[in-house]
Each structure stands twice: as C-alpha cells, then as structure tokens.
1. Being free of Cβ contacts under 8 Å to residues at least 12 places away in the same chain and hydrophobic (A, V, I, L, M, F, W, C), is that true of even one residue in segment 200-217?
2. Tell me which residues, restricted to segment 128-147, are closer than 21 Å to K63 by Cβ and within 16 Å of the ligand (Cβ to nearest atom).
3. Got a number for residues in segment 65-81 being near the ligand (Cβ under 8 Å from one of its atoms) and more than 19 Å from S165 (Cβ to Cβ)?
4. Hey, can you tell me all the residues within segment 202-260 that are within 15 Å of L85 (Cβ to Cβ) and either aromatic (F, W, Y) or assigned to a loop (DSSP other than H, G, I, E, B) (or both)?
5. Step by step: first the residues of segment 98-117, then only those that are outside any loop (DSSP other than H, G, I, E, B) and near the ligand (Cβ under 10 Å from one of its atoms), then the one that is surrounded by the most Cβ atoms within 10 Å (Cβ to Cβ). Which residue is that?
6. Does segment 258-279 contain at least one residue that is over 30 Å from S98 (Cβ atoms) and polar (S, T, N, Q)?
7. Please specify each residue of segment 128-174 satisfying the condition of being closer than 26 Å to D65 by Cβ, part of a loop (DSSP other than H, G, I, E, B) and without any contact (Cβ under 8 Å) to a residue 12 or more places away in the chain.
Amino acid sequence: MNNPIIFSITAVKSESTLVIQTATLYGAQVVVGFFLPALTAFVFSELLPAKRDKSKMDMTKAKLDFYAFPIGPMCRCVTMTLDVLKVDHNLHITDIFSDKHPTFEFHAMNPQDTVPFMKDGSTSLTQAGAIMIYLADKYGGDKSVYPEDMWIRAKINERLFFALSDMYETFRHTHAHYTFAKTDPAPNKINALRKQLKLIGEFAAKTGFVAETKSVSIADLAVYAIYSSYTFTQKKLVNLDDFPEAKAWAQRVVASLNDAEKSSEQYVKQMEQFSREKSGGIFD
Ligand SMILES: N[C@@H](CCC(=O)N[C@@H](CS)C(=O)NCC(=O)O)C(=O)O
C-alpha cells in the first residue's frame, strides 16, 4: 500500500475517474440546459403547427383531384373557383346518373357518394361551400375572393349560404323539378325564385357584388352558378329581364371573370342540352 508506484497509479486512476465524472455531468447539463429546450422549441414551433397545417406536411406537390358533374350548379361553382384561382387540378367527370355511380373506388373515398368532392394531398372534402372556402384559403393569392377580415367574411358566408341552401333548394323545386318530374312546380316555389332574383339585385346595390365586396367574391361565384342555370328556362320559368338589377350584376360578374367564365359557359350549354333532353322539350 505504501509502495509509491502503486500509490501514484491509484491517484491517477481516481483523478481520471473524476475527470470522466465531471465531463459526464457537464455533458448532461449541456443536454438538459441547451439541447432539450431547443428540441422542445423545435417540436412546438415547427412540427406541431405543421401537423395542423397539413399543406406543410405534403412532401410532394401532387395535383389536386376534383370529382364533379360540372353541368350541375353545385359543381360549377367549384369549377369556377378553381378557374378564378388558377388552381392546377385533375378534373374527374363523375356522371351521377350513370348506373355505375357510385363506383366502388368513389364510394371508398367518399361514402356520401356526392359531387362535388375534392382530394388535395391528405385533405378530402365534400360540400361545395366547404371546398370553395378551402380553395380560397389555400390558393387565394391576394385573398380578394375571400378576404381575411372577419366582418367581410361574415357577409360573404351569409351570401354563400344563401346561394348554396336557399337558391339551390329553389333550383331543385323549379328547374330540376321540370327536368325530372316534367310537371309544373308549386306556385310558391316560383314565387321564391322571383324573390331571390329580386334579392340578388338588392344585395348588389351597395358595391356591385352580392356580398358588398369591391370585386367578385366566392359568394358571387356561387350565386352566379345557380343564376346562370335559369338562362335557358325563361319561357317556362321566369323572364330574367324582369330583374334588371340582377341581370346587370350577372353581366358585371361575367366581365370580371374573363377566361374563367368560359368553362362555366360551356357547362351551362351542356346543362341546357341535358335538361332539354331529359324534360322531353318542356323548356322549348
Ligand atoms: N350539399 C351538397 C350537395 C351535393 C349533392 O347533392 N350533389 C348531387 C349532385 S348536385 C349528387 O352528387 N348526387 C349523387 C348522389 O347523391 O349519389 C354540396 O354542397 O356539395
């Protein structure tokens, strides 16, 4: 024990153990003091928001898939939104009147079986209004079709729901009723249509657009998609000339849409052919 060599070896050993222990303790402090807070900050600031905002998680820039029967106004208001926002997409024409609808693949994606239906990366949506709002939020560019101000949005939402619920219901009981039932609609449904056409003119009186915005909003697109379905039914339903304010609004919308209106126009023509054939000439 008193051997000086053994003593000095023992002293060196215990000193290096002390050095290692100190280094380990220091390392642990660095991990706990710096890396852990940094890692926590990274998880909260980058990974968790990315999980909420699914667009950040999409590794590939795959094109959006849109399933529609675009001669119908519920689908046309979305095709117009896609065109106005210039969203690159695959359009899958889905014939809802075909015996094969819904296909197994379509039902697996959308158990509700309805169009419009959209898949964009990991997001899939039904309901025309929900899809329009999503597109405007994600691809809205300068946000003019759906400004971020909550008061402006509230009015746009109100008029969007007016179109997609009230106007669409009237469309089903008038235009679609003639097409499929081939009999006159109930008089109160024609009255509802006349009231809605008058309202469109009143809504547009303030700024020229139905949701009191300075330019076309998604509410104008939804109202226009349904309004344009009445252009070839005037002999049988209502004469659009009886509602000059609504007519002036429609012309204003068409003028501001430029090329985006072309696809809608082409689908309205297809709708005319479809409705005339199905109804057995009732609109002639
Ligand atoms: N409230 C829905 C209505 C969708 C809807 O009823 N779509 C019809 C065509 S306009 C449809 O897909 N029908 C076929 C089916 O239900 O199988 C929306 O806004 O998208």
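1. Within segment 200-217, none of the residues are free of Cβ contacts under 8 Å to residues at least 12 places away in the same chain and hydrophobic (A, V, I, L, M, F, W, C).
2. First pass over segment 128-147, keeping only residues closer than 21 Å to K63 by Cβ: 128, 130-141, 145.
If the condition is that a residue be closer than 21 Å to K63 by Cβ and within 16 Å of the ligand (Cβ to nearest atom), then A128, A130, I131, M132, I133, Y134, L135, A136 are the ones that fit.
3. Looking only at segment 65-81, we keep the residues that are near the ligand (Cβ under 8 Å from one of its atoms), and these are 69, 72-75.
Adding the requirement that they be more than 19 Å from S165 (Cβ to Cβ) leaves 69.
Qualifying residue count for the region: 1.
4. Within segment 202-260, S215, V216, S217, N258 meet the criteria.
5. Within segment 98-117, the subset outside any loop (DSSP other than H, G, I, E, B) is 104-109, 117.
This time we only want the ones that are near the ligand (Cβ under 10 Å from one of its atoms), so: 106-107, 117.
Numbers: F106: 19, H107: 12, F117: 24.
Within segment 98-117, the match that is surrounded by the most Cβ atoms within 10 Å (Cβ to Cβ) is F117.
6. yes
7. Residues satisfying the conditions are D142, K143.
None of the figures in this text is laboratory data; all of them are computed from the coordinates on show. Because the structure is a prediction, the values reported are computed rather than measured. Every residue, glycine among them, receives a Cβ derived from its backbone with ideal geometry; neighbour counts consider all protein chains shown.
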